[in-house]
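A quick write-up on the structure given underneath.
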Amino acid sequence: MKTFVSGHAGLVGSALLRKLRARGQPCVTRSRAALDLTDQAAVRAFFRAEQPDLVIHAAAKVGGIGANAAFPADFIHQNLAMAVNVVHEAHAAGVRRLMFLGSSCIYPRLARQPVPEEDLLSGPLEPTNAPYAVAKIAGLTMCESYNRQHATAFRTVMPTNLYGPGDTFDTEAGHVVPALIRRFHDAVRAGAREVVVWGSGAPLREFLHVDDMADATLFLLDLDDETYARARAPGASHFNIGSGEEVSIGALAQLVAKVTGFSGRIVFDRTRPDGTPRKRLDTRRLSGLGWRPSIPLEAGIAQTYAWFLAQGRGEAGSEENPGPINDACARF
């Protein structure tokens with residue numbers, strides 16, 4: 001069974017590709033230069049030529065609060081275009097089973113906690129990432145619609161905040177874990193006495209190592225249609241994926257400081273936005289099927305930092321745009 005993994009070079013796509021190859025599953029990939037997923041004609045030609053049996057759509061334009069605020073049109077346009085092209089052309093090529101990767105950003109800003117799958121569209125979105133969230137909601141709705149009209153088995157998962165090897169360690173455009181790793185690493189190298197973090201440090205976040213996320217995604221993808229349908233929430237086609245544990249941004253900063261060896265002062269810039277106050281996913285439906293995460297947060301951050309160092313990312317000038325740390329939705 002040949003599987004097409006879009007976004008295979010990214011954080012999530014690369015983790016999925018590692019898992020698939022480890023179990024001997026044939027995979028097909030294309031770089032962004034070789035296949036522009038926002039170009040419908042190019043996507044149609046690719047599916048006609050390759051005829052994959054299974055599709056995992058992990059490609060997306062992503063970023064933290066700063067990037068979402070600066071480029072809202074890019075976020076909604078590119079993510080919508082990719083979803084429309086991949087979902088439709090997969091169906092047109094005869095693909096019956098597809099996995100669409102969303103984000104916990106799809107849920108209302110002040111959703112009840114932990115957030116169950118059925119709370120989608122139950123309130124206003126977080127304004128700082130609404131364009132991205134709307135594009136992901138549209139992709140999810142496309143999968144539901146094709147299932148109803150064409151009897152496909154298109155599935156969707158909504159992961160919590162992700163981190164791990166393959167992430168973007170950019171303190172301006174990246175997400176909070178890799179951005180904190182970069183900032184504290186640089187502070188240690190420079191002998192800095194303090195590190196500034198955006199916001200108050202009070203918001204609570206749930207984090208999941210990307211390898212756990214990839215494992216859960218393939219676990220759900222492998223389920224037979226009857227089991228998948230029976231386990232999902234009423235009126236929802238997607239499953240939440242998370243760790244079930246929360247940590248404040250302030251405590252996370254202290255943890256990253258410990259892992260990187262920073263012993264100075266952490267300063268919180270309260271003039272900067274906090275984003276959603278709390279965002280923990282209700283994962284009881286997934287855990288009810290027997291899946292559990294296996295990588296604790298501190299061990300995962302230490303492993304991620306080791307990967308960062310092994311890739312030479314810690315050298316001066318190896319990343320651009322040094323700036324304040326910010327937090328947003330899960331990275332894809």
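Quick notes on this structure:
- Average projection, convex hull of the Cα set of region 44-132: 6.7 square nanometres.
- D_trans [Stokes-Einstein, Kirkwood Rh over alpha-carbon pairs] for region 201-270, 20 °C, 1.002 mPa s, µm² s⁻¹: 142 µm²/s
- Ser287-Ala41 FRET efficiency (beta carbon distance; Förster radius 51 Å; 0.05 resolution): 0.75
- The dipole here belongs to the chain: it is taken about the Cα centre, uses +1 on the Cβ of Lys and Arg and -1 on the Cβ of Asp and Glu, and is about 220 debye.
- Extension gain (nm, one decimal) between Asp74 and Met1, 0.36 nm per residue minus Cα-Cα: 22.9 nm
- 12 Å beta-carbon shell around Ala22, net charge (K/R +1, D/E -1): +2
- Spherically averaged projected area of the chain from its Cα convex hull (nm²): 15.7 nm²
- Semi-axes of the equivalent ellipsoid for region 47-96, Cα gyration tensor, largest first, Å: 28, 10, 7
- Solution diffusion estimate, µm²/s, Stokes-Einstein, region 79-230, Kirkwood Rh from C-alpha pairs, 4 °C, viscosity 1.567 mPa s: 73 µm²/s
- Whole-percent P(r), region 152-294, all Cα pairs, 10 Å bins from 0: 11, 35, 28, 17, 7, 1.
- Principal axis dimensions, largest first and in whole angstrom, of region 143-230 by Cα: 59, 23, 20
- If R0 is 41 Å, the Cβ-Cβ spacing of Glu50 and Leu110 corresponds to a FRET efficiency of close to 0.40.
- A full extension of the chain between Asn147 and Ser200 corresponds to an added length of 14.8 nm, given 0.36 nm per residue minus the alpha carbon distance.
- Check: region 15-93 dipole with +1 on Lys, Arg Cβ and -1 on Asp, Glu Cβ, in debye: 380 debye
Any read-out appearing in this document is the output of simple, stated calculations on the displayed coordinates, not a laboratory observation. All of these numbers come straight from a predicted model, not from anything done at the bench. In this analysis, Cβ positions are derived from the backbone assuming ideal geometry, glycine residues included, and neighbour counts consider all displayed protein chains.
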